[in-house]
Amino acid sequence: MSTSHLRADGGRLCARLEALGEVGAVLGPNGERGCARLALTDADREGRDLVVGWMHDLGLAVGIDAIGNVVGVRAGTDPDAAPVMIGSHIDTVRTGGRFDGNLGVLGGLEVIETLEQHGVRTRHPVAVAFFTDEEGARFQPDMLGSLVYVGGMGLEDALDVRAADDGARLGEELQRIGYAGSLPCPAAGAPHAYFELHIEQGPVLEDEGVTIGAVTGVQGISWTELTITGQSAHAGTTPMRLRHDPGYVAAAITVGVRAIAQRMGGTQVATVGRCELEPNLVNVVPGAVTMTVDLRNTDESLLLQAEAEFQQLCAGLAGEEGVTIARRSLARFQPVEFDTAMVDLVEATARRLGHTTKRMPSGAGHDAQMLARVCPTAMVFVPSVNGLSHNIAEHTHPADITAGADVLLQVVLAAAVAV
Ligand code: GLV
Ligand code: MN
Ligand code: MN
């Protein structure tokens, strides 16, 4: 059956994005419409329930695994064929947008609905998945659900992870929201192929006037939590030369990791995203600081170099100021390169549909980087307005969403084989 003429219904996809975005909606002072659905909160449960309801409406067989990943499957004609999986996540950061992750999952439902509407059967089943805690904002590491799915982290270790905000145990939060499923995790078999449609979350596509990014891989990620302990003291009476001030050290680390990234150049980035001073009072030299450092690079040896320089920076400052610095790794993932044939498929399909394309690495982490461990994997990027993401002003134009969904539909059809 020829299916090359089939197109997604962008209006229907945007309507689902709007509806899901109402769950945990956050409104900005200038009318920005963002989203706060941290993993395994009540808002996450409500979002999950909505998407699972849509999966049932579309006739998918819905399964939930032991880490709360949800997979809806449309049967294929070959009972022995592994599914072509479309996936992403629906959890968000606390100040998130309505597209990050959600587009990949709802784009998958749009593919299913288009196949249904046109009565297209495929040899391989087509599955739509959303993975638990992709963001890692509440439970670290990020991409936790897909990591466990591919066997990269033990289930029991993952269930034992504590939330950064309220200390809740992940396993208990899963039970509480009703998503501790019965399917085994890691999954019994690997998908035939995995596709993820995602917003770029950066400025490159918009800047270059390109509609579709064919993602070549994902850069390496290194997250560290530092606990700096010094001597809490009176801010007025303690001479500067006699201080052991973790607040100063935290500031120097913030400046220092930025300098490392600037000196190294290339794709190296460095971010201090969380910094908590104790007791956080105007007239008290802090006694302790907890902070996080996020280092990323597309090149593993350069990421190792950045980590080594960061470690030297901490050791030097600890000695100079007379504080102790305890380090805890929150996440460490090497850079990932996607299967070249899959990247070629995305690029060629987008061009056939008349879109401009660019091959590019991803700066953000994605579930796709975990699935790439077990099956051929590809990602389709669409532009982010002003390059913004992890921001309530995150936006992607409907025409670009439609273009991305069309490419997703056609690459899934190429892999799942219409019969
Ligand atoms: C996940 O979204 C990350 O890249 O931090
Ligand atoms: Mn995402
Ligand atoms: Mn994100």
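Throughout, read-outs are computed from the coordinates displayed, never taken from laboratory work. Predicted model only: the values in this text are computed from it and were never measured. With ideal geometry, Cβ positions are generated from the backbone for all residues, glycine too; neighbour counts draw on all protein chains shown.
Taking Ala214 as the residue in question, decide whether it is surrounded by fewer than 20 Cβ atoms within 10 Å (Cβ to Cβ) and among the aliphatic types (A, V, I, L, M). Considered against the rule, which asks whether it is surrounded by fewer than 20 Cβ atoms within 10 Å (Cβ to Cβ) and among the aliphatic types (A, V, I, L, M), Ala214 comes out as no.
Are any residues in the stretch 232-272 among the aliphatic types (A, V, I, L, M) and not in a helix (DSSP H, G or I), and if so, which ones? Let's see the steps before the verdict.
Step one: filter the stretch 232-272 for residues among the aliphatic types (A, V, I, L, M), giving 233, 235, 240, 242, 249-253, 255, 257, 259-261, 264, 269-270, 272.
Passing the criteria: Ala233, Ala235, Val269, Ala270, Val272.
Looking only at the stretch 141-154, count every residue that is of a type outside the set (A, V, I, L, M), assigned to a helix (DSSP H, G or I) and within 16 Å of ligand 3 (Cβ to nearest atom) and tell me the total.
Residues meeting the conditions: 2.
Scan the stretch 108-135 for residues that are over 25 Å from the mean Cα position of the chain (by Cα) and assigned to a strand (DSSP E or B) and the total you get is 1. Considering the stretch 284-315, the residues that are assigned to a strand (DSSP E or B) and of a type in the set (Ser, Thr, Tyr) include one that is farthest from Arg243 (Cα to Cα), namely Thr292.
Against the conditions (1) within 16 Å of ligand 3 (Cβ to nearest atom); (2) assigned to a helix (DSSP H, G or I); (3) of a type outside the set (Phe, Trp, Tyr), Arg138 satisfies every one except (2). For the stretch 70-87, state whether one or more residues are among the charged types (D, E, K, R) and either closer than 14 Å to Glu135 by Cβ or assigned to a loop (DSSP other than H, G, I, E, B) (or both). Among the residues of the stretch 70-87, at least one is among the charged types (D, E, K, R) and either closer than 14 Å to Glu135 by Cβ or assigned to a loop (DSSP other than H, G, I, E, B) (or both), which makes the answer yes. When the residues of the stretch 263-290 are narrowed to those that are in contact with a strand residue (DSSP E or B) (Cβ under 6 Å, 6 or more places away or on another chain) and of a type in the set (Gly, Ala, Ser), which ends up farthest from Ser301 (Cα to Cα)? Across the stretch 263-290, the extreme among qualifying residues is Gly287. Return the residues of the stretch 13-43 that are in a loop (DSSP other than H, G, I, E, B) and at negative phi; say none if nothing qualifies. Result: Glu22, Val23, Gly28, Pro29, Asn30, Glu32, Ala36, Arg37, Leu38, Ala39, Thr41.
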